[in-house]
Amino acid sequence: MRLGDVERVADRIVVFDDGRIRIEGELDALKARIRRGRAVFEGEAPRNAVIDGAIDVATDGRVLTVTAEASNGSLEGSLRRIGGREIVIEPLP
């Protein structure tokens, strides 16, 4: 299900991960605190990167894409600590 679909049918969201509540809250509040970050690395992107607040992590060659609960530049800092060079942080659409 895409975020646009969720916006049409729900005001409150609960995301489960391995049977535990991972994220919970009003849709607008979640969109305000969740960010998507993309980092380009000199070599292959690390496949087992540990990113604080990560909800989803994907790699594609030199690019690591992370969706995470993030505030005050914390996602950018995490990506820089693991060697990310070109970093773009975006709010969820």
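The table that follows gives values for the structure above.
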read-out	value
Looking only at segment 42-61, and only at residues there that are over 10 Å from the mean Cα position of the chain (by Cα) and in a strand (DSSP E or B), the one that is surrounded by the fewest Cβ atoms within 10 Å (Cβ to Cβ)	D60
Residue pairs meeting the criteria (Cβ under 6 Å; at least 6 apart or on separate chains; first of a type in the set (D, E), in segment 14-27; second assigned to a strand (DSSP E or B) and surrounded by fewer than 12 Cβ atoms within 10 Å (Cβ to Cβ))	E24/V14; E26/R12
Within segment 62-82, tally of residues that are in a loop (DSSP other than H, G, I, E, B) and open to solvent by 30 Å² or more (accessible area, probe 1.4 Å)	5
Hits in segment 19-57 - residues which are out of contact with any Gly (no Cβ under 9 Å at 6 or more places or on another chain) and β-branched (V, I, T)	I21, I23, V50, I55, V57
Sole exception among (1) within 16 Å of the chain's Cα centre (by Cα); (2) touching a residue at least 24 places away in the same chain (Cβ under 8 Å) for R85, by number	(1)
Number of positions in segment 43-79 that are charged (D, E, K, R) and either touching a residue at least 24 places away in the same chain (Cβ under 8 Å) or within 27 Å of L27 (Cα to Cα) (or both)	4
Criterion violated by L75 - all others in (1) within 20 Å of F16 (Cα to Cα); (2) touching a strand residue (DSSP E or B) at 6+ places or on another chain (Cβ under 7 Å); (3) of a type in the set (A, V, I, L, M, F, W, C) satisfied	(1)
Segment 30-41, residues that are open to solvent by 40 Å² or more (accessible area, probe 1.4 Å) and touching a strand residue (DSSP E or B) at 6+ places or on another chain (Cβ under 6 Å)	R33, R35, R36, R38
Subset of segment 10-29 [open to solvent by less than 60 Å² (accessible area, probe 1.4 Å) and out of contact with any strand residue (DSSP E or B) (no Cβ under 6 Å at 6 or more places or on another chain)]	A10, I13, G25, A29
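The values are calculated or read from the model by the stated rules, or taken from the named source; none is laboratory data. This is a predicted model, so every value here is computed, not measured. For neighbour counting, all protein chains shown are included, and Cβ atoms are generated from backbone atoms with ideal geometry for every residue, glycine included. The accessibility values were calculated without ligands, DNA or RNA, using every heavy atom of the protein model including side chains. Shrake-Rupley method; radii C 1.70, N 1.55, O 1.52, S 1.80 Å.
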